[in-house]
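Q: First, the structure itself, so that you have it in front of you.
The numbers here are math on the coordinates, done by the rules we state, and not lab data. Given the structure is predicted, the values throughout are model-derived calculations rather than measurements. Glycine also receives a Cβ, built like all others from the backbone with ideal geometry; neighbour counts cover every protein chain displayed.
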Amino acid sequence: MSDKNLFDQEDYLKARVDEYIWQKSKDAGISRQRFLQILATMVGATAIGELARPAPAHSGAMSNVTSGFKPKNSNIRKPPPPGYISHSKGTLEMNWEAMYKRGYIVPNDWFYVHNRNAPPPFDPSTWRLRIEGTGVSAPREFTYDEIVTMPSISVTCAIECAANGRRFFEDAYNTPLSGTRWRLGAIGVAEWTGVPLSILFERVGLKSTARDVLVEGADLDSLDSKGTKKSKFSSVVPITKALADNSLLVYAMNGEPLPPDHGQPCRVLFPGWAGNANVKWIERIEVSQTPIYTQWVMEQMVLTGADYPAISPYKGKLITYQNVKSAFELAWPATLSAGNYLLRGRSWSGKGKIVQVEVSLDGGKTWQFARLREPNFPFAWVRWDIEWDVVPGEYFIQARATDNLGNTQPSISPWNDFGLLYGGVVSHPVKVQG
Ligand SMILES: Nc1nc2c(c(=O)[nH]1)N[C@H]1C(S)=C(S)[C@@H](COP(=O)(O)O)O[C@H]1N2
Ligand SMILES: [Mo]
């Protein structure tokens, strides 16, 4: 499969499903010809069996706006910056108001956090990264010192949670969801420094037949609620993504050693892919000649619901790249004083860079172009602004971005049961005082 095809999730998913069935068939001693016959009859049938899914109960989890103190039992090490929202013990949502007129990059202390577990302790003298699997001919371990002395590059790009914007599904469909009720603050842009995975893979004798890469953290995943066996938090990408120039084994963030909350000592960076692909606290990478199907990816990394029938082995449509979104650098809800105001915001796309941003100050009736500011890196974000001569009243303001592949934010995102990849235009409430 070519790298270009990866941009088309339909193609990617279909290829993965075909491979899965072929692999199973081979294991069972079935011929290629018979496999193709099975395939022809199978996809529709498995799709139907998986459709029914009970509506999730509302978690009722409380949200806290932080005021600088650290909650007990937190899975987060850094002190929460003022005005940040902590939805649960492992989540910290960026405060968009604090980004007003700030630089392109989010400082480490201000970067959002999504930690399923507390950061594990790190001892540079005993820590090892193991690279192994059927896709390499010389599996071995690397020490921390070895990694930081290898050739490195720096990439400025975003990491964004696949559930960023989840709360707008609830608003748009008036249906509660379980899971973190992020607004738009589960994203940040940083300068990530590390070793291109392609260089590491060269040192372990990457085979031309390598297909998939599994990256595993030191912590456990969160599938235990259903009584299933606990496994390490991990993610899987195809070898084409792992070998991209900007796919890195990261050890520094904005020029500092990777902080505990963001993956100390090492995490992976897969630009544009959903946050969870960027595994933190990694200890093991498996390169495989056969596709790797983990429970996490098949059950959690998918869009599910009436619009997204399951296609075995996936419970829905596999998530890879993030979509287009926009946010204002404003509090939620915002209160402004009448007069001239420089309205600012940022827009981003996991598939490329933003080429156009439109803003509506009248709830979507009329739109005008915002001014885009430099820099404007792909897989990161662009800052934009617009003058607003504002009179007292109550407003719902909106922003709508378009990326270089022509993806534009729709007025509403189609529903999925986990509330992932909300890309619809968001109405931001603003009150203007006289
Ligand atoms: N080992 C490990 N890696 C992980 C996670 C985790 O819980 N454990 N969370 C993932 C998710 S869901 C997201 S959105 C990003 C968040 O990265 P950040 O906390 O550095 O912003 O890390 C990903 N990597
Ligand atoms: Mo996440």
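Q: List, in the order given, every pair from Lys207/Lys232; Lys230/Lys325; Lys280/Lys325 whose Cα-Cα distance in the structure shown is over 29 Å.
A: Too far apart for the 29 Å limit: Lys230/Lys325.
Q: Sketch the reach of a paramagnetic label on Asp307 as a point 7 Å from Cα along Cα-to-Cβ, and name the residues of the stretch 178-198 whose backbone nitrogen lies under 18 Å away.
A: Taking a point 7 Å out along Cα→Cβ of Asp307, the residues of the stretch 178-198 whose backbone N falls under 18 Å are 178.
Q: Let me ask something else about it. Calculate the spin-label point distance for Ser198 paired with Glu256, positioning each point 7 Å from the Cα along the beta-carbon direction, and give it in nanometres.
A: 3.2 nm
Q: Right, something else. All other residues with a Cβ under 14 Å from the Cβ of Ser154 taken together, and with Lys, Arg as +1 and Asp, Glu as -1, what is their net charge?
A: Counting the neighbours of Ser154, the net charge comes to -3.
Q: Non-local amide H neighbours of Asp212 (under 5 Å, H modeled in plane, Pro and chain starts lacking H): which ones?
A: Here the answer is Ile239, Ser288, Thr290, since their amide H atoms fall under 5 Å of that of Asp212.
Q: Continuing with the same structure: May I ask for the distance between the Cα centers of the stretch 370-396 and the stretch 267-282, given as a whole number of Å?
A: 28 Å
Q: Let me ask something else about it. Magnitude of the Cβ-charge dipole of the stretch 85-318, K/R +1 and D/E -1, about the Cα centre, nearest 20 debye?
A: So the magnitude is around 500 debye.
Q: Right, something else. Label Ser125 and Glu97 with points 7 Å out from Cα along Cα→Cβ: what is the distance between them in nm?
A: It works out to 4.8 nm between the two label points.
Q: Here is a further query. List the residues whose amide H sits under 5 Å from the amide H of Gly316, counting only those 5 or more places along or on another chain, with H placed 1.01 Å from N in the peptide plane.
A: Here the answer is Ile311, since their amide H atoms fall under 5 Å of that of Gly316.
Q: Oh, and also: What is the distance in Å between the Cα centroid of the stretch 163-190 and that of the stretch 283-308?
A: 22 Å
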